[in-house]
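Beneath this line is the structure, given in structure tokens, with notes to follow.
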Amino acid sequence: MNDANSKCGPNPPTYQVYAKCQLISHLHDVVLRRDDAGNPIETKLHQLSSDLYTVISNNLQLPIDSALST
């Protein structure tokens, strides 16, 4: 069975379907703009990842160098 309420075509059969399609389209645009502007959570995660890599690398380098020199 074909559900008319699930279609977002160029000629939606009812105003409710049209409104749903417009809302979905608008939400998609908002998500795209948010990603383009630089998502602050994603930015913070990348910063934390970089900082963690630096700390681990710096703290492991000395023991690795010591182990290799003996």
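Read-outs throughout are calculated quantities, based only on the coordinates presented, and are distinct from any laboratory measurement. This is a predicted model, so every value here is computed, not measured. Cβ sites come from the backbone with ideal geometry, for glycine too, and all protein chains shown count toward neighbours.
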(message) How far apart, in nanometres, would the label points at Val31 and Thr54 be if each is projected 7 angstrom from Cα along the Cα-to-Cβ direction?
(response) 3.3 nm
(request) State, to one decimal in nm, how far the label point of Ile64 lies from the label point of Cys21, with both points 7 Å from Cα in the Cβ direction. (result) 5.7 nm
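Only Lys, Arg, Asp and Glu count, each charged at its Cβ (+1, +1, -1, -1), so figure out the dipole size of segment 20-70 about its Cα centre, rounded to 20 debye.
240 debye
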